[in-house]
Amino acid sequence: MPDLNEAAEEVHERVHSINPFMNRDEYPQRSLVAYKLCTAASWLLVVATSIYYDFEKPHEGKHHRDTIWGQNRRRHTPFALNSAITSVYWIVLFVLQVGYCWHLYASNSTYVHAAANVGSHFILHNLLLFGFIHLWVRSHFWLAEMLLIINFANLSAAYFRHSKTPRFIHIPVVSGPLAWNFVALYWCGAAAVNAHNLVARIFANIAIWGILGYGMFFLVAFKDYTMGFELSILAASLGVAQFLTHVFAL
């Protein structure tokens, strides 16, 4: 009769061997090739989708359809964002992500290992963001919010498991997307409930402090200034959007 402990250990090892989110001391060549292909493909998918729906609205679907920023204007809630600031934020992030992809090809094994460790989280983030954009522009706000919640869990896991990743990998893959995802939870959630009344605005004035608290948490707990800097840019985007709304309303 085989030893049950040995059998259980073998099953455990096999499960971990196929777990894409498992930390490994080294990666076989076939795994690195898979990361290179999937990372590039998922990144190109998100970039192409973002650019397309920045300028074009979907032509199918039963609900109201609009561009990314057209939806932002139509559902101008207390958490609506400034399109210029947020677009620049994402352009910089996309450019920095090219640098991350390059590190999968680096000759320095330390950089390759660090990039591969967060590779599965980055690929999943891209796929979830791709789905979010399609749902957002088609006014499926509750489903879009659900994908943001899943992505928030994914990126939070990446952060807490790999908080010491080199900054040139950490910023474009972990902290930058996580900061945006946190603010997007407010953005999409407010659009889902179509928050325009006085009660919603009072709640928004209270909830907005959550962005400050979230940034302070990472600064105190992890000494990570990057989250604070990224959240401050997105908070500025939110503030400018609300300011311009009141100026043009006068």
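Please treat every number below as a calculation from the coordinates, not as lab data. Since the structure is predicted, the reported quantities are computational estimates derived from the model, not experimental observations. Neighbour counts run over all protein chains shown; Cβ positions are idealised from the backbone, glycine included.
Key figures
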read-out	value
Mean residue ellipticity (222 nm) of the chain, computed from DSSP H runs ≥ 4 via -39,500 (n - 2.57), nearest 500	-25000 deg cm²/dmol
Extension gain from SER156 to ILE206, taking 0.36 nm per residue of separation minus the Cα-Cα distance	15.7 nm
Viscosity 1.567 mPa s, temperature 4 °C, Stokes-Einstein D of region 15-144 from Kirkwood C-alpha radius, µm²/s	78 µm²/s
Most to least packed among 174-181, 162-169 [average Cβ atoms within 10 Å]	174-181, 162-169
Virtual spin-label span in nm between SER87 and LYS57, 7 Å along Cα→Cβ	1.7 nm
Residue-count net charge about GLU56 - beta-carbon cut-off 11 Å; Lys, Arg +1, Asp, Glu -1	0
Percent RCO, i.e. relative contact order, over the chain, from Cα pairs under 8 Å lying at least 6 residues apart	25 percent
Angle in degrees between helix 141-161 and the longest Cα principal axis of the chain, rounded to the nearest 10	40 degrees
Convex hull volume per residue for the chain, taking Cα atoms only, in Å³	168 Å³
